[in-house]
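The values are calculated or read from the model by the stated rules, or taken from the named source; none is laboratory data. As the structure is a computational prediction, the values presented were derived from the model and not from experiment. Cβ placement follows ideal geometry from the backbone for every residue including glycine, while neighbour counts extend to all protein chains displayed.
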Amino acid sequence: MTEILQPQSPGIPLPVPTLYSQPYWDGCKVGEPRYQRCRDCGAITMDPAPACSGCFSTNLDWEVSTGQGEVYSWTTVWRPQTPAFTVPYVAVIVTLDEGFWLLANLINCPVDAVHVGMRVKTVFVELSEEITLPYFEPAE
Amino acid sequence: MGGGRVAGRVRGRLDIEAVARHPFHDVAIVGIANSDQARMLDGHDSTTITFQAVHRVLADTGLGPSDIDGVAAGPFSGPLTYYMRNGPSWRSHMVPSIPIILDAASAIATGQCHTVLVAHGSAGVYTERTSTAPWTRPANEFVVAYGMFTAAEFALIAQRHMHMHGTIPEHLATVAATIRNNGHAHPDAVYHGRGPFTPDDILASRMVADPFHLLDCAMTSEGACALILTTRERARDLPTKPVYILGGASDSFGPSYQHPPAWDLAGPSGRINGYAGRWAAQKSFAMAELGPTDVDVCEFYDPFSFEIIRQFEAYGFCGEGEGGEFIMGGRIGPGGQFPVTTDGGTMSFSHGGAAVQQLQRVFRGVEQLRGACATSQVPGAQVAMCSNGGAGALFTDVMLLGTETP
C-alpha cells in the first residue's frame, strides 16, 4: 500500500515570528492564509517582508489568499534533516492563485503522487500554542 | 579614469571592456596548499587545521609571515594576524570563498596591500551525525518547520529543470560518476579508491531528496585550504609559476536557505535565479577577453550533480535546457572537451564545511594551470574557470584563471 504523507509530530523546530511576520502567523491560527500587498504599486510580497519586493515601499497591507494553487516544484525527502522529522516528507514550492510562491510540506497525499502542476490547497495544523503551521494537500 | 573608460560608458557596454588592462590582471596567485583532508581529523580543530594549511602555503611560496601584509581568512583572520605578528595588515571581512579572493585581489590592485594570505578550515564542527551537517540547516521561520536542508533546497531547483526540459536522472548520475571517478583516482581525496563508479552505481544508491541519490550529493569531511596572492611584479621573484586572475564576479539573489529556492525567482530585470552565475560569467569573460570555448578546465562547484548541468547552461557553454545532453558522451570527463571538477570536488575530494571547499575549487584551478596535478591533469591547460555556490543557495560566484593575461 502506498504511504500517505502525514503532518510532522510536535517536537520539530518551530518558526520564531518577527515584528513584520507576526500577522502572517496570527492568520494561520485563525485559518487565514495571509499575504502582503503593496498599497503603492499593488505588487504582492511573500514571504512576509519589511518592504515591497516590487517597489521597496514599506506601505504594505495584509490580504487573505484563497490558499489554492499548484505545485511549482517538489522533492520527496528520505533522509531527515534531524531525527525530529519523520520520513518520507515532501517539500513543495506552490504557486498560489494570487501569484506568489510559498514553501511548505505536502500531506494527505500518496507519497508517489506529487507532480509539477498538481492542484493543492492550504490546510492548517496546530503544533503549539503559538504556531499553527500551513501545509498543502491535494485540492481534489 | 582614462578616456577609454568614459567611451565605454557612452557606448552603454560594460565599461570594463574599454579598460586597457583590467586591475585584476596585475594580481597573481603564487601559493596554494591543502591541509590533510579526512572524514574526521583526530587531534585537530578548525584553527589548528587552518594553521597547517597556512604553514604549507608559506612553504609553497618560500615566503614568511612578515612578507604577508593582508589576511583574508574569515574567523581566522584575527588569530592569524595576531599569531603571525604581521600587523598592521589589511584584513577582509568576507566569507573565505571566491568573493574573498576577488576582495584580496582588489585590495592588492588598489595598493592597500601587496601580499594576501587567504585561508579557511573546518574540523570538529559536525558531530551530531544523525542530523545533516549544521551548515546545511536553515533556521528561518518560513523553512525551519518543513525539514529543509541543502539537498532538499537544491532538489527543488533540479526538479523544476527536469520538468521544463526533460533532464533525466541518468544525466545527473553521469555527472556524479565523472566527478567521483576523479576523486577515486586522486591520492589525497577523502574518497580515494572508493570507485570506479558507473552512472548505474549512482542511481542504485539510496534516495536522499528526489532526484538526488546519496551519490549525487556532496559528502562531509574536515580540512583546510590556503592561497597566497601578490602583485605581478613580486610574483616574478618567487619560485612558483604565477597564475593570473583574468576575471571574476558574483551573482546573488538573496540569502541562502531562507526563502523558496525558485528557479524563476527574478526582479524587473528578468534575470532568473535558475541561471545565477550567468551575468557574473559574462562580466568575467569580458574582463578576460575570452569566451566559454577558451576554457581548458572547468573547476565547477559540485554540491549536487545537477548543479554542473545548470552551470554549463548558465555560463553559455550550451543552450538553455541542453545541459543534460551536453554533459554526456565523455565531454566532461578526462580527455573530454570540458573536464570538470578534476580532483573529485565536494563529492569525493573534500567538503570541510561552510567555506573551505569553495577555496579548493580555486586551489585546483591553479594546480591545473601549474601543470602540477598528480591525477587528471589537463595537458597544457592555460585557462581555468572556477565557481562557488549554486541556485539552491541563491548565489553563484565565478572566477577565471590564466597562465597569461590579455
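Odds and ends about this structure:
- Among residues of segment A:1-22, those that are over 16 Å from A:LEU133 (Cβ atoms) and more than 9 Å from chain B (Cβ to nearest Cβ), counted: 6
- Residues satisfying the stated conditions in segment A:128-140, i.e. surrounded by fewer than 16 Cβ atoms within 10 Å (Cβ to Cβ) and either facing another protein chain (nearest Cβ under 10 Å) or small (Gly, Ala, Ser) (or both): A:SER128, A:ALA139
Yes or no, residue by residue, for (1) part of a loop (DSSP other than H, G, I, E, B); (2) aliphatic (A, V, I, L, M):
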position	(1), (2)
B:GLY324	no, no
B:PHE338	yes, no
B:THR342	yes, no
B:GLY352	yes, no
B:ARG361	no, no
B:VAL366	no, yes
B:LEU369	no, yes
B:ALA372	yes, yes
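- For segment A:20-76, residues that are among the hydrophobic types (A, V, I, L, M, F, W, C), in a loop (DSSP other than H, G, I, E, B) and over 30 Å from B:PRO211 (Cβ atoms) total 8.
- Test result for B:ARG91, free of Cβ contacts under 8 Å to residues at least 60 places away in the same chain, among the basic types (Lys, Arg) and surrounded by 17 or more Cβ atoms within 10 Å (Cβ to Cβ): yes
- Looking at A:TRP74, A:TRP78, just one residue is buried (at least 17 other Cβ atoms within 10 Å of the Cβ), in the same structural domain as A:MET118 (by TED's automatic domain parsing) and touching a helix residue (DSSP H, G or I) at 6+ places or on another chain (Cβ under 9 Å), and that residue is A:TRP74.
- In segment B:262-296, the qualifying residues are those that are among the small types (Gly, Ala, Ser) and in a loop (DSSP other than H, G, I, E, B), and the one that is farthest from the other protein chains (Cβ to nearest Cβ) is B:GLY291.
- Scope segment B:134-158; condition more than 7 Å from chain A (Cβ to nearest Cβ) and without any contact (Cβ under 8 Å) to a residue 12 or more places away in the chain; matching residues: B:PRO134, B:ALA139
- Among all residues of segment B:122-133, there is at least one that is within 8 Å of another protein chain (Cβ to nearest Cβ) and surrounded by 20 or more Cβ atoms within 10 Å (Cβ to Cβ).
- Verdict on B:ILE49 being farther than 17 Å from B:VAL366 by Cβ, touching an Asp or Glu at 6+ places or on another chain (Cβ under 9 Å) and at pLDDT 95 or above: yes
- Conditions (1) touching a Pro at 6+ places or on another chain (Cβ under 6 Å); (2) aromatic (Phe, Trp, Tyr); (3) on the phi < 0 side of the Ramachandran plot; number of the one not met by B:TRP263: (1)
- Condition broken by B:ALA145, with the remaining ones in (1) within 18 Å of A:TRP101 (Cα to Cα); (2) outside any helix (DSSP H, G or I) satisfied: (2)
- Test for B:HIS161: is it touching a residue at least 60 places away in the same chain (Cβ under 8 Å), within 14 Å of chain A (Cβ to nearest Cβ), within 24 Å of the chain's Cα centre (by Cα) and in a helix (DSSP H, G or I): yes
- In this entry, A:THR58 passes the filter for residues that are surrounded by fewer than 16 Cβ atoms within 10 Å (Cβ to Cβ) and among the polar types (S, T, N, Q).
- Figure legend. Inter-residue proximity from segment A:1-28: first residues within 27 Å of A:THR58 (Cα to Cα) and at pLDDT 95 or above, second residues among the polar types (S, T, N, Q) and surrounded by fewer than 18 Cβ atoms within 10 Å (Cβ to Cβ), beta-carbon distance below 7 Å, spacing 6+ or different chains. Indicated pairs: A:CYS28/A:THR132.
- Extreme residue, surrounded by the most Cβ atoms within 10 Å (Cβ to Cβ), among residues of segment A:93-127 that are closer than 19 Å to B:ALA145 by Cα and facing chain B (nearest Cβ under 8 Å): A:ILE93
- When B:HIS213, B:HIS259 are checked against the criterion of being within 13 Å of another protein chain (Cβ to nearest Cβ) and either touching a strand residue (DSSP E or B) at 6+ places or on another chain (Cβ under 6 Å) or free of Cβ contacts under 8 Å to residues at least 24 places away in the same chain (or both), B:HIS213 stands alone in meeting it.
- Any chance B:VAL175 is out of contact with any Asp or Glu (no Cβ under 7 Å at 6 or more places or on another chain), modelled with pLDDT of 95 or more, not in a helix (DSSP H, G or I) and not charged (D, E, K, R): no
- The test for being surrounded by fewer than 18 Cβ atoms within 10 Å (Cβ to Cβ), within 13 Å of chain B (Cβ to nearest Cβ) and under 17 Å from the mean Cα position of the chain (by Cα) does not hold for A:PRO48.
- Among (1) within 17 Å of A:VAL123 (Cβ to Cβ); (2) within 13 Å of another protein chain (Cβ to nearest Cβ) - the single one A:LYS29 does not satisfy: (2)
- Screening B:MET219 on (1) in a loop (DSSP other than H, G, I, E, B); (2) away from chain A (no Cβ under 14 Å); (3) closer than 20 Å to B:GLY352 by Cα shows it passes everything except condition (2).
- Qualifying residue in segment B:102-113 (condition: part of a loop (DSSP other than H, G, I, E, B), within 14 Å of another protein chain (Cβ to nearest Cβ) and among the hydrophobic types (A, V, I, L, M, F, W, C)): no
- Condition broken by B:ALA185, with the remaining ones in (1) on the phi < 0 side of the Ramachandran plot; (2) free of Cβ contacts under 8 Å to residues at least 24 places away in the same chain satisfied: (2)
- Per-region count, segment B:178-215, residues closer than 25 Å to A:THR75 by Cβ and out of contact with any Ser or Thr (no Cβ under 6 Å at 6 or more places or on another chain): 14
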